[in-house]
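Notes to accompany the following structure.
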Amino acid sequence: MVTIFEMGGETSKFVRLEADCGGAGIADYQTNGDCAAGTGSFMDQQASRLLYDIEEVGAVVLGAAKAASIAGRCSVFAKSDMIHAQQKGYQPPSAQGSATL
């Protein structure tokens, strides 16, 4: 099974591929119906702000004990929610003594 996330300038897509008769077939596909403008850039900016390389973010998310509530419809609102969550004490795992973001 292979999972692909594509975050572009106008949409975000999720595609899950699975083995199919010697090749690969699409097992699941979804695209967002809401604003996704700048989603890829937003992910790069937030990873950098939290002192991660973008390639590290997936593993950090999978290892998180608890997630902060972040708006999922717009990167502008999500950024505000992330800043507010950090002000409330949510931090990446490398930060000592804080909740996990």
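The values are calculated or read from the model by the stated rules, or taken from the named source; none is laboratory data. Because the structure is predicted, anything quoted here is derived from the model rather than measured. Quick reminder, even Gly has a Cβ in these numbers, built from the backbone with ideal geometry, and neighbours come from all protein chains shown. To get the accessible areas, we keep the full protein, side chains included, count just its heavy atoms, and leave off ligands, DNA and RNA. Shrake-Rupley method; radii C 1.70, N 1.55, O 1.52, S 1.80 Å.
Take the Cβ atoms of Asp53 and Asp20, set R0 to 25 Å, and the FRET efficiency comes out at 0.15. Less than 5 angstrom separates the built amide H of Ser12 from those of Asn32, all sequence-distant by 5 or more or on a different chain.
Each peptide among 16-22, 41-47 gets the average number of other Cβ atoms lying within 10 Å of its residues, and from highest to lowest they stand as 41-47, 16-22. Residues Tyr29, Tyr90, ordered by accessible area of protein heavy atoms at a 1.4 angstrom probe radius and largest first, appear as Tyr29, Tyr90. Within a straight-line Cα-Cα reach of under 18 Å, Lys88 can be paired with the following lysines, leaving aside sequence neighbours fewer than 8 residues apart in one chain: Lys66, Lys79.
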